[in-house]
Amino acid sequence: MLNLSRETYLNIFISLGLLVFPFIATAMDEPFYITLATRVAILSLAAVGLNLALGTGGLVSFGHAAFFGIGGYAMGILASHAQTYTPIFTWPFVIEGTNQMLIIWLVAIVMSGIAALFIGLLSLRTSGVYFIMITLAFAQMIYYFMISWPTYGGEDGLSIYVRNQFPGVNTLDPASFFYICLVLMFAGLGLSAMIKNSRFGAALQAARQNEERLAATGIRPFNIKLTAFVISGMITGLAGALMADLNRFISPSMLSWHMSGEIMVLVILGGVGRLYGPVVGALIYIIFEFIFGGMTDYWQFYLGLILLGVVLFARGGAIGLLAGKARHD
Amino acid sequence: MSTTLLFEQLLNGLQYGVTLFLMAAGLTLVFGVMGLINLAHGSLYMIGAFACAAVAAATGSFWLGLVASIVAAGFAGVLIEMLVIRRLYDRDHLDQVLATFALILILSEGCRMVFGSFPLYLDTPDFLSGPVTLFGGFQYSAYRLAIILVGGLVALGLYLLITKTRLGIRIRAGEADREMIAALGVNIGTLYTIVFAIGAALAGFAGAMMGAIQSVQVGMGEPVLILAFVVIVIGGIGSIKGALIGSILVGVVDTLGRVTLPGFFNLFMDTAAANSVGAALSSMSIYVLMAIILIFKPEGLVSNNA
Amino acid sequence: MTNQPILQIQNLNKSFGALTATDDVTLDLKRGEIHALIGPNGAGKSTLIKQICGQLSSDSGKVIFNGRDLAGMDMAERAKAGLGRTFQVSSLVMEFSALRNVMLAVQSKLGTSYRFFKNVRGDKSLTEPAMAALKRVNLEERADVMTAELSHGERRQLEIAMALALDPKAFLLDEPMAGMGPEGSKKLIGFLDDLRHEAPILLIEHDMDAVFSLADRISVLVYGRVIATGSVDDIRNNPAVREAYLGSAA
Amino acid sequence: MSNILLSIKDIEVFYGPSQALFGVSLEVKEGEVVALMGRNGMGKTTTIRTLCKMSKPTKGDIHFDGTLVNKMPSHKVAKLGVGLVPEGRRCFANLTVEENLVAAQRDGEWTLEKVYQLFPRLEERKDQLANTLSGGEQQMLAIGRALTTNPKLLVLDEATEGLAPVIREEIWRAVKALKAQGQSILIVDKSLSELLPIADHCVILERGETVWTGTPDALTDDLADRYLGV
Amino acid sequence: EGAKIGMITTLSGGGAGLGVDVRDGFMLAIEQAGRDDVEVVIEDDARKPDLAVQIADKMIQSEKVDILTGIIWSNLAMAVIPSAVAQGKIYVSPNAGPSALAGKGCNANYFNVAWQNDNLHEAMGAYANVAEYTNTFILAPNYPAGQDALNGFKREYRGQLAGEVFTKLGATDYAAEIAQIRDSGADSVFFFLPGGMGIAFMKQYAASGVDLPVMGPAFSFDQGILGAVGDAALGVRNSSQWSKDIDNETNNAFVTSFQEKYERLPSLYASQGFDAANLILSALDKADVKDTEAFSAALKEADFKSTRGDFKFGNNNHPIQDIYVREVVKEGDVLTNKILGLALTDHQDAYAEDCPLQ
Ligand SMILES: Nc1ncnc2c1ncn2[C@@H]1O[C@H](COP(=O)(O)OP(=O)(O)OP(=O)(O)O)[C@@H](O)[C@H]1O
Ligand SMILES: Nc1ncnc2c1ncn2[C@@H]1O[C@H](COP(=O)(O)OP(=O)(O)OP(=O)(O)O)[C@@H](O)[C@H]1O
Ligand SMILES: CC(C)C[C@H](N)C(=O)O
Ligand SMILES: [Mg+2]
Ligand SMILES: [Mg+2]
């Protein structure tokens, strides 16, 4: 008999639920539910990225919208050039746009990784609240930069009229695109689970709790944290590219502090540092928005009450409520 | 730029800074002392403005409105502290972020339920509503000048309160070790409620003062909140002096950026493009300022208490 | 060759504003010895340790370790170079079990902190050496207890276990006896007595029973200056030291 | 016969799910010095934390100065007259020495001047921030800080830890002087040679339980070996 | 035949007043029509483009609406409309009219019942010439409608510019801009600042002691703004395609019934909402909404009674209409606008010729 914790059962249940969801939605003749589920998967992935930095590494980044947005713009820029058949630049060599998801993802991951490296290098000199704020600062800079850059729509954003392509899959079919996103979400979850239990993960958790000790044992906390921050940014960047593809629209609001806050709320709502915390957070948020948003103008009032209830009475987020305290080794 | 323009812009920056200071002071106290990230601080600003507008409309007196703003925001602060915040002190920052984010939603939407979505009317008192002539015929809004003076007085008062009184010492002691100061016989619960209420009242006061020159509407606190955070981080968390320096720095940089950058870009761009690039970059400027300060002084400008 | 000191501290200085915490300190640590560093509270002993292991930067002076000048190296690099230290106030990873704290030191020693995939739990190359280190400080029974739940004294033991697991070339121990009960102190004395043969120890301690029974040499720091270095007897009988530090403990 | 100042009866305490105290009892009479002893991790600090209401007992009673304090918050117990010098000092890091001393000051004979007399070192450093003090200086500060609350019962948890012998002597001298003035004291310390001569009573804990109570003379080598390992 | 209409509009935040007015005007018309086969679903976009995009998706996929409407802000419009019409939905704009959708980007399924963004500003530019201003300082928020606004003004205005400034959308403090105005040597100020922005600007302007005449589109002086600004707005000139004192049957009935129902005066936004609903209703009488082509043809006929009197669509599905100059006056205790005269007659926007539609 396997000795699985309640949390594991919960995780399995959610995963299966998501896997069969398109069939349910189709049976109910509600294709829009698939779009909602896709949004859950994408936001989850974004939050999985943040959770690695924030939950495991204690790096409370209030600027992850930067990576989310960079991922989004990677898609927007490449696809818009592909859409108009104009190269992105021609000098010193020619770079063309593309509508291939695989290439877009790669670019999104690389670009957000580079941004995370740069932001991390400068930000990780600070800690605590100062870190929160300096990451916010960098995200805001990128936000305002995109606003001021008219080539890609400035403040108004950029519409892409058709979804990008994935070899062998009809991405315009909502269910197919959903499964693409879901697979990536699972990949993100798997990766972050492995990292957490690895030697790197041990060092990262130690860096969160006691940097001085980590340094005194001979591991440089800065490098550990920077690595984690970059991986985290790359995951969130990928999610950004997917989100752009889902909406077929990108704008600087993907880069705004509201977005950073929202990703963070998802993580905390679900349960910081819990593997499925981001997924549960995204599920609750989207379901709530959908159900109550339709019922009352003041739905955010009730959302506020629920969030408050979760914090006050469910320590460790919704997962903490459903599956009990995190197990420490 | 002519010197009178420069001077006027400096005054504007100063006035903006002083307003930010009123917000930032409460935030930095609550944050520094109780270790609490209070995102709902902006909502208290909004509550102050609404209270002032409502009372001023009912009684016709701006001054009563101003008193109401302090009372209402302070009272809301006490209530919030006792019902919610109190349970969050020993939680980590993230729970606080989520809870106070929830409070924003509740307070904003609650306010909208009560007052509706339209901006409220709030006018400055008559004798401050016009311009004053300073020197050499230079005119400036009397009301803004009054804000600068009042803000300066509040800053001084707060500084003395925190550094020179036993209350201030205890507040800071609680900042270092809450459990220990309680074990020495100080009622930390009440102390925190007081601090929170002071912060809330200051925010409400700021909201009322600004409400009279801007507009009173739901969500008005949020942009100010983010800037107030920028301010306290630049200044060094928990430091009243830092908050003051940070506020004025942010106020002046923001104001000057807004007027000089578009002109600068206009030198080599057409007006519309220069305007939009300049405007965006000037919004960026305070974040650049913050990043630079934190890179060189990771604990802010004034890194310990006072 | 063997008697070439492993650690040489040359003219080290550190001031905090107007206060000179360490003032032109020169001393060394030879292989196989315990060199005790004593002195009144606030004399600068911990400051010196921090300077040696890179937690504080020095105003001037040199630290030469194992033939290498440590200038420009940060704390982690110096730890890797073989300086194993304990903190005066325990500094541990509180949400890790005792064992995982020590495993961290083991993985650092193995230089494998950038492995992302293998699960550390049940990874024998980490757990076995870590367990061994815990055993040496008699903490093996508490291996799976979270550090936050350990008592003060147990945390002190864990500090030492972590230093051991690094297998350092020299130990810098800042008041290891502090917080250990009488029994614990006794055991620790016996343990350090043997440990010096694995790697020499620079020992800060206010427990004079421990210092007098363990030290090969003693240096006395007062107001940041080394006022005397010598054998146990030299120091015990040094009137300046008696007055500044020992009192009737001599 | 003097009054009972503190009486702890059969308290049990948990840290989360794990139980730390299983039945600790002790008494301190007015003017008495009581030594609380036991090996590492046996529950001495937890007993003290519970007395100061930093931890809550799930069972048992604590009476201080005639009042049942089980349900009282920390600060009220302190105001009744419990002055704590905690394990690990816990000075207010961001306050100066002098601010630390006045933060919780209450009227009584222990004034700032008297504390400075007891520890001249503190006066020298009175404007320095506490987090930059050396360990020993911090220890003095912690004692001074407890004294300025003018407690009826002074509680010292490892107050001489990490102190230089001369200072330690000073502190023991101070403790003796306090005792001579009739100050009641509950004390945890590992150096028995200094502790036993001034203690009126000893209480020994093992695994969270009171296992022995008696006068220092009654503490035979045998008992000491069994419970304290010396 | 019945229809399902999805309204995405701004009901919270700084721009909420506008959305509320559009919604109320729209619903008033639906109610008056008394049809129970027309269903309207309304959602708040909070002035966030990404939110608007998501709501549009939901309305199209889940609510399966036939017609979309309601968007106030051009930046949101640009995010939603192109993809909605590409999916074969009809979009009827009661407000936002960005230039990008009026020229080359026009679409047979996209109609604007209000105006093309530039229109009112063009009228004000024309008025500035009449008023003989020669050195005007112009000001607008930095977003598509703001750029359209200044372009519109400059298109007609013949004098010089004392300064041209873009502010942040949603900004509430204009001290810096007012200082620039003071220093610029201008003889007049033109500003486009809708909603809360306009309130803040006017109050601060009044307190600053700068006493140059100000003018602007009706957006800067609508009914919602006037009350908050107070007497400082008295006498200010502004341009509008609608005013409550336009004297025709539809309008009089509209103003009375709106006031009765909502206990406040209608603004131009309310009239636009009202007109949008009536336009849709008129087309529903003629064609099946599922037959997109027939339905858009029916819309294009604009066979409804507009509150503005004459109303027709140009080739690009934007109005060709009269634009008035109004003055802020006091009626009893209430500040409101009164028509002074016509600024532009049968005016069509400048982008229409680029539009391939007939
Ligand atoms: N960061 C700092 N800023 C200012 N002064 C400091 C700082 N750190 C230490 N000091 C001062 O330097 C002196 C030496 O401190 P240190 O901690 O090295 O003493 P120590 O010898 O270890 O004492 P103890 O035996 O009590 O631990 C003390 O007077 C202390 O107050
Ligand atoms: N915060 C805590 N959480 C969980 N368990 C704890 C905590 N603090 C102490 N304990 C446990 O409670 C028991 C008693 O600890 P306590 O600190 O009271 O011992 P002590 O007698 O003071 O020991 P020492 O002499 O080492 O200070 C120990 O088993 C310890 O592991
Ligand atoms: C005038 C407004 C209120 C809005 C503007 N027409 C826009 O498109 O954004
Ligand atoms: Mg020390
Ligand atoms: Mg203890």
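In segment E:72-109, what count of residues is obtained for those that are among the hydroxyl-bearing types (Ser, Thr, Tyr), more than 13 Å from chain A (Cβ to nearest Cβ) and either more than 11 Å from ligand 3 (Cβ to nearest atom) or surrounded by fewer than 20 Cβ atoms within 10 Å (Cβ to Cβ) (or both)?
1
Go through segment C:163-250 and tell me which helices (runs of 4 or more DSSP H), entirely inside it, have 2 or more residues that are within 16 Å of ligand 4 (Cβ to nearest atom).
Because the criterion is at least 2 residues that are within 16 Å of ligand 4 (Cβ to nearest atom), the helices (runs of 4 or more DSSP H) in segment C:163-250 that meet it are C:208-214.
I'm trying to understand the selection: among the residues of segment D:183-207, which are open to solvent by 30 Å² or more (accessible area, probe 1.4 Å) and touching an Asp or Glu at 6+ places or on another chain (Cβ under 6 Å)?
Across segment D:183-207, the qualifying residue is only D:Asp200.
Name the single residue that is farthest from ligand 4 (Cβ to nearest atom) among those in segment E:125-168 being over 30 Å from A:Tyr152 (Cβ atoms) and among the aromatic types (Phe, Trp, Tyr).
Out of the qualifying residues, it is E:Tyr127.
Which ones in segment D:12-42 are open to solvent by less than 10 Å² (accessible area, probe 1.4 Å) and either within 16 Å of ligand 1 (Cβ to nearest atom) or under 21 Å from C:Gly184 (Cα atoms) (or both)?
Across segment D:12-42, the qualifying residues are D:Ala35, D:Leu36, D:Met37.
Examine segment E:222-243 for a residue that is over 30 Å from E:Ala179 (Cβ atoms), out of contact with any helix residue (DSSP H, G or I) (no Cβ under 6 Å at 6 or more places or on another chain) and either open to solvent by 10 Å² or more (accessible area, probe 1.4 Å) or in a loop (DSSP other than H, G, I, E, B) (or both), and state whether such a residue exists.
Yes: segment E:222-243 contains one or more residues that are over 30 Å from E:Ala179 (Cβ atoms), out of contact with any helix residue (DSSP H, G or I) (no Cβ under 6 Å at 6 or more places or on another chain) and either open to solvent by 10 Å² or more (accessible area, probe 1.4 Å) or in a loop (DSSP other than H, G, I, E, B) (or both).
Inspect all residues belonging to segment C:39-56 and state whether any of them is more than 16 Å from ligand 4 (Cβ to nearest atom) and in the same structural domain as C:Asp209 (by TED's automatic domain parsing).
Yes - at least one qualifying residue is present in segment C:39-56.
Within segment E:33-42, count every residue that is open to solvent by 30 Å² or more (accessible area, probe 1.4 Å) and under 23 Å from A:Ala37 (Cα atoms).
Residues that pass the stated criteria total 1.
I'd like the full set of residues that are among the small types (Gly, Ala, Ser) and loosely packed, with under 14 Cβ neighbours inside 10 Å, limited to segment A:1-44. Outline the logic, then answer.
Taking segment A:1-44 first, the residues among the small types (Gly, Ala, Ser) are A:5, A:15, A:17, A:25, A:27, A:37, A:41, A:44.
Result: A:Ser5, A:Gly17, A:Ala27.
Could you check how many residues of segment B:268-278 are touching a residue at least 12 places away in the same chain (Cβ under 8 Å), at the interface with another protein chain (Cβ under 7 Å from one of its Cβ atoms) and closer than 22 Å to E:Gln160 by Cβ?
1
Name the residue, out of D:Arg145, D:Arg168, D:Arg89, D:Arg125, that is more than 13 Å from ligand 1 (Cβ to nearest atom), crowded, with 20+ Cβ neighbours inside 10 Å and among the basic types (Lys, Arg).
Of D:Arg145, D:Arg168, D:Arg89, D:Arg125, the one residue that is more than 13 Å from ligand 1 (Cβ to nearest atom), crowded, with 20+ Cβ neighbours inside 10 Å and among the basic types (Lys, Arg) is D:Arg145.
Out of curiosity, is A:Ala66 open to solvent by 10 Å² or more (accessible area, probe 1.4 Å) and under 23 Å from A:Asn247 (Cβ atoms)?
Judged against the criteria, A:Ala66 is not a match.
Take B:Gly204 and decide whether it is at pLDDT 85 or above and either within 9 Å of another protein chain (Cβ to nearest Cβ) or in a helix (DSSP H, G or I) (or both).
yes
Looking at (1) open to solvent by less than 50 Å² (accessible area, probe 1.4 Å); (2) farther than 21 Å from E:Tyr174 by Cβ; (3) within 14 Å of chain E (Cβ to nearest Cβ); (4) modelled with pLDDT under 85, which one does B:Gly110 not meet, given that it meets all the others?
(4)
Based on this model, can you work out whether C:Pro129 counts as in a loop (DSSP other than H, G, I, E, B) and more than 29 Å from D:Pro17 (Cα to Cα)?
No: the conditions fail for C:Pro129.
Report the residue count in segment D:147-161 for those that are over 13 Å from D:Glu87 (Cα atoms) and not in a loop (DSSP other than H, G, I, E, B). Spell out how you get there, then give the answer.
We begin by selecting, within segment D:147-161, every residue over 13 Å from D:Glu87 (Cα atoms); these are D:147-154.
Then drop every residue that is not not in a loop (DSSP other than H, G, I, E, B), which leaves D:147, D:153-154.
Within segment D:147-161, residues that are over 13 Å from D:Glu87 (Cα atoms) and not in a loop (DSSP other than H, G, I, E, B) number 3.
If you check E:Asp50, E:Asp45, which single one turns out to be of a type in the set (Asp, Glu), crowded, with 22+ Cβ neighbours inside 10 Å and within 14 Å of chain B (Cβ to nearest Cβ)?
Unique residue meeting the criteria: E:Asp45.
Only one of E:Pro144, E:Pro213, E:Pro194 is over 21 Å from B:Gln15 (Cβ atoms) and either within 16 Å of ligand 2 (Cβ to nearest atom) or open to solvent by 30 Å² or more (accessible area, probe 1.4 Å) (or both). Can you tell me which?
E:Pro213
Give me a count of the residues in segment D:133-154 that are within 16 Å of ligand 2 (Cβ to nearest atom) and either hydrophobic (A, V, I, L, M, F, W, C) or closer than 17 Å to D:Arg106 by Cβ (or both).
Counting residues in segment D:133-154 that are within 16 Å of ligand 2 (Cβ to nearest atom) and either hydrophobic (A, V, I, L, M, F, W, C) or closer than 17 Å to D:Arg106 by Cβ (or both) gives 1.
Exactly one condition in (1) facing chain B (nearest Cβ under 9 Å); (2) in a strand (DSSP E or B) is not met by E:Gln204; state its number.
(2)
Looking at B:Val67, B:Val55, which one is surrounded by fewer than 24 Cβ atoms within 10 Å (Cβ to Cβ), at pLDDT 90 or above and touching a Leu at 6+ places or on another chain (Cβ under 6 Å)?
None of the other options fit; the residue is B:Val55.
The values are calculated or read from the model by the stated rules, or taken from the named source; none is laboratory data. Just so we're clear, the structure is a prediction, and the values are computed from it rather than from any experiment. Quick reminder, even Gly has a Cβ in these numbers, built from the backbone with ideal geometry, and neighbours come from all protein chains shown. Note: accessible area is taken over every heavy atom of the protein model, side chains too, but ligands, DNA and RNA are not part of it. Shrake-Rupley method; radii C 1.70, N 1.55, O 1.52, S 1.80 Å.
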